[in-house]
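The values are calculated or read from the model by the stated rules, or taken from the named source; none is laboratory data. Remember, it's a predicted structure, so these values are computed and weren't measured experimentally. Cβ sites come from the backbone with ideal geometry, for glycine too, and all protein chains shown count toward neighbours.
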Amino acid sequence: MTISKALWNWRVIFLIFCLVLSIIVINPQFGGSEGVVIRSILPNSTAANSGMENPSPNLQPLSKEIILSINGKKISTEEDYFTQLSQLIVNQTVRLETTKQVYTFLAPETIEDIGVRVSSAPTSNIRKGLDLEGGIRVLLEPDSEISPEDLDTTVNSLKERLNVYGLSDIIVQSAKDLSGKDFIVIEIAGVTEQEVKVLLAQQGKFEAKIADKTVLAGGKDDITYVCRSAECSGIDPSRGCSKTGDGYACSFFFSITLSPEAAERQAAATRNLIPERDGTNCYLNEDIALFLDDSEVDRLKISCDLQGRAASQIQISGSGIGRTQQEAITNTLQEMKKLQTVIITGSLPVKLNVIKLDTISPSLGKEFLNNVIFVGMFAVVSVVLVVFIRYRKLKIILPMVATLISEMIMILGFAALVGWNLDLAGVAGLIIVAGTGVDHLIVITDETIGGKTETNWKQRIKGAMFIIFGVYFTMLAGMVPLLWAGAGLLKGFALTTIAGLTFGVLIARPAYATMIEKLLE
Amino acid sequence: MNWMQKFYENKYKLLLIFPFLILLAAFIQIGLQYSTTGDFVNKGISLKGGSTITFPYSDSYNLIQIEEKMSATFQDEEITIRTIHSAGKIIAVAIDTNLEEEQKIANVRDFLETETGLSATDFNIEVVGSSLGESFFRQTATALLIGFLLMGLVVFIYFKTLVPSLAVVLAAFSDIVVTLAIFNLTGEKLSTAGVAAFLMLIGYSVDTDILLSTRVLKRLELPIMERIYSSIKTGLTMTITTTVAVLVAFLFVHSEVVKQISLIIIIGLLVDTIMTWIQNVGILRIYLERKEHKK
């Protein structure tokens, strides 16, 4: 009787409405999840050629494409996925079934050649941030003052670079600090490869010079196509690998297609050079030198038959080193991939410096999540215990616990809705909100049950809300400056706290006041 | 009525000396810290630049041996090794260095890989440029100041009387200063998250003060001591629940960041009980007495 009366009130109904909405948005998969989610597809890989696409970063986690089976064998974990792949025989037909469609392709030589990055399927729409999932966080600072347009271009070029490199699960955004300095924050989930850093910090000014004259620059104006398939890129067969001092060095090559203007420029530059014969070979007296960010990467002789010709296809080359031959090959191919990436995406408007670089181990991230869940539950139980000792009434304790839990659910629902990543800062924010939540519920309880008998309930609740709003505004005062301080690194924390406090103060805590009023009246 | 209660009720002016003595001691500590180290707080890597490499601990590691070998291998660098505890057990090892260049950090990681047998993906590596660390510290300190001023403004608009508002602001200020001094004494190094914790402390410290001021200034139908005692009852329940929750986090959480936030809040909450129930109560009572006198 009193319970139904307690629930039948607009404040409580509104709270329940928000809760239901949050749970719908979060969409927790209680039965666990099937398959592995596709994180990114490497360009020119077997998977990309069979039609698989990079997931859009704006997709809700549960709407992302999930691999369900390979050749009819069900995939439930990342381990299953790799086991199935390792059992493939080269050129065997592979049927890969996802939530979208079935892809068929021939098995390539190595698992890496398939080119799919996966991670375990999400169990809800809450995006786990780097601290919980592992990955790289890079903070870049422009070397000199930069206009808002240039900053925008830089952010977009960096995004494109990472996409071209084969990473799509990324966040690239600009940030400002209190003194007006610009920063770029990049988060790449699930990747711990350091070489990505080079890709970001590099301005990527690619130039080809003949006799100190630039004939070619990176970017789409001069270079219309960069070959990345095996037929026209890879370890250079004519130069190969060789032993040097205490290691090995290898050369790579890939061909690029020039725009007519760039080809004409190249022709003009070679027209007046002098051919030099060396036995049967004939080369021009000047080399073509390749520069990346003003340092020379390679220097090639130009054969005489190219003189004055507007060749639209030319070969770019370079080299890499390693302690063993295998390592040298791997590094060389990586160098090639980086060079291809910067040639495709062109130069950034400004040089960037890496000023903060965090690498978070995926295994530590997972462990941290479990630990936080455990600590959170333990903390809630201890708080309930304290409150129980003080009030000893289930009519107070149960609504209190229900209110606290619903505040947490609302924050998570909001985070899922707007696409926030829940990371360490977010977890800290949740702790603060829970802390003030308990405090406020205690104030409401004491104001209402301990108030003088001659004042009515309405006035007592009003008194309680007066205190609560006072605390709310002072808390906001503390959090607001954090939105801008220090390159926005504490923004996530401030936002979670502000959002949580607001939901608590406007929705959950008034509903609690009504509930205990009706239950105790 | 026992003697403690009697003392609390009657000697509130004498008692008021106590929070101010603590505040003075805190200022002395911070001053000494400044004169010996050049900074009023012990800054960690995230505030001064450098790198931290963290990896999970296993009983098979001989940390003393690793440390000796490490300092021999990297003689020219500042490298310190420390352990992260949770529930009384070592759960991770953190290596702080002054290194900012990628290659040098990679050398240390490679060294640790060979020593521990872990693979590269088991390491957390945090690198902060020294310029960023410094600007971060300045900025968060500015944020703390702005937050504090905004808080003062809110409190003043809320109560519209000067002395009680100032008492709230003074309580929050004392809380932050004394907490900082105690934090220094623990020998911990402040990280960016720690600075955020001080900002949170504003909120946690002010809530009991607002509760007290509201009850004392607005519930005029009750005698003064009854108003104060009712506030103490509510306020202490609030402080105890928060302390218990944060203590659980401090003892059991594996993340250093959350651990430091928890530590600062625990210290702050304990200091706040003195600042609210002795300092703020004392000032409010003197204020009310003078007001009564004028009538």
With the condition being more than 14 Å from every other protein chain (Cβ to nearest Cβ), I'd like the strands (runs of 3 or more DSSP E) fully within region A:293-362 carrying at least 3 qualifying residues. A:295-300, A:313-322
Restricting region A:172-203 to residues that are closer than 20 Å to A:S361 by Cα and surrounded by fewer than 18 Cβ atoms within 10 Å (Cβ to Cβ), the one modelled with the lowest pLDDT turns out to be A:Q194
Identify, please: which residue in region A:281-300 is under 34 Å from the mean Cα position of the chain (by Cα) and touching a residue at least 60 places away in the same chain (Cβ under 8 Å) and is, among those, farthest from A:Q340 (Cα to Cα)? A:D294
Residues in region A:219-230 that are free of Cβ contacts under 8 Å to residues at least 40 places away in the same chain and under 18 Å from A:T330 (Cα atoms) total 1
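Within region A:400-429, which residues are in a helix (DSSP H, G or I) and modelled with pLDDT under 85?
Once the filter is applied, which keeps residues that are in a helix (DSSP H, G or I) and modelled with pLDDT under 85, region A:400-429 yields A:V418, A:L424, A:A425, A:G426, A:V427, A:A428, A:G429.
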Out of (1) at pLDDT below 90; (2) within 11 Å of another protein chain (Cβ to nearest Cβ), what's the single condition that is false for B:I224? (2)
Residue check, B:E115 surrounded by fewer than 19 Cβ atoms within 10 Å (Cβ to Cβ) and farther than 22 Å from B:G187 by Cα: yes
Are any residues in region B:97-112 outside any helix (DSSP H, G or I) and surrounded by fewer than 18 Cβ atoms within 10 Å (Cβ to Cβ), and if so, which ones? B:N98, B:E101
Considering region A:349-374 alone, what residues qualify as being hydrophobic (A, V, I, L, M, F, W, C) and in contact (Cβ under 8 Å) with a residue 24 or more places away in the chain? A:V350, A:L352, A:V354, A:I355, A:L357, A:I360, A:L364, A:F368, A:L369, A:V372
How many of the residues in region B:118-132 are facing chain A (nearest Cβ under 9 Å) and crowded, with 18+ Cβ neighbours inside 10 Å? 9
Please indicate, with yes or no, whether at least one residue in region B:227-250 is more than 15 Å from the chain's Cα centre (by Cα) and of a type in the set (D, E, K, R). yes
With the structure loaded, tell me whether A:D278 is over 39 Å from the mean Cα position of the chain (by Cα), at pLDDT below 80 and either surrounded by 15 or more Cβ atoms within 10 Å (Cβ to Cβ) or charged (D, E, K, R) (or both) or whether it fails that test. yes
Would you mind telling me which numbered condition in (1) within 27 Å of A:S229 (Cβ to Cβ); (2) assigned to a helix (DSSP H, G or I); (3) not acidic (D, E) A:F252 fails? (2)
Which of (1) at pLDDT below 85; (2) within 27 Å of the chain's Cα centre (by Cα); (3) polar (S, T, N, Q); (4) not in a strand (DSSP E or B) is the odd one out, the single condition A:S40 does not satisfy? (4)
Which residues, taken from region B:212-226, are without any contact (Cβ under 8 Å) to a residue 60 or more places away in the chain, under 24 Å from A:I389 (Cβ atoms) and crowded, with 20+ Cβ neighbours inside 10 Å? B:R215
Here's a check for you: in region A:363-413, which residue that is hydroxyl-bearing (S, T, Y) and facing chain B (nearest Cβ under 10 Å) is farthest from A:T123 (Cα to Cα)? A:Y391
(1) out of contact with any Gly (no Cβ under 6 Å at 6 or more places or on another chain); (2) assigned to a strand (DSSP E or B): which one isn't true of A:E145, the others all being true? (2)
Please find, within region B:133-170, the residue that is farthest from B:A193 (Cα to Cα) out of those that are crowded, with 19+ Cβ neighbours inside 10 Å and among the polar types (S, T, N, Q). B:S165
What about A:L339, is it surrounded by fewer than 23 Cβ atoms within 10 Å (Cβ to Cβ) and either within 28 Å of A:D221 (Cβ to Cβ) or not basic (K, R) (or both)? no
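Examine region B:12-27 for a residue that is part of a loop (DSSP other than H, G, I, E, B) and touching a residue at least 40 places away in the same chain (Cβ under 8 Å), and state whether such a residue exists.
Yes, there is a match, as at least one residue in region B:12-27 is part of a loop (DSSP other than H, G, I, E, B) and touching a residue at least 40 places away in the same chain (Cβ under 8 Å).
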Sole residue being within 12 Å of chain B (Cβ to nearest Cβ) and in contact with an Asp or Glu (Cβ under 7 Å, 6 or more places away or on another chain), chosen from A:G426, A:G470, A:G463: A:G463
Go over the candidates B:F183, B:F250 one by one and state the one that is aromatic (F, W, Y), farther than 26 Å from A:I444 by Cα, out of contact with any Gly (no Cβ under 9 Å at 6 or more places or on another chain) and assigned to a helix (DSSP H, G or I). B:F250
Would you confirm, using the coordinates I've provided, whether A:A416 is closer than 30 Å to A:L490 by Cβ and within 9 Å of chain B (Cβ to nearest Cβ)? no
Is it true that some residue in region A:355-372 is surrounded by 16 or more Cβ atoms within 10 Å (Cβ to Cβ) and in contact with a Cys (Cβ under 9 Å, 6 or more places away or on another chain)? no
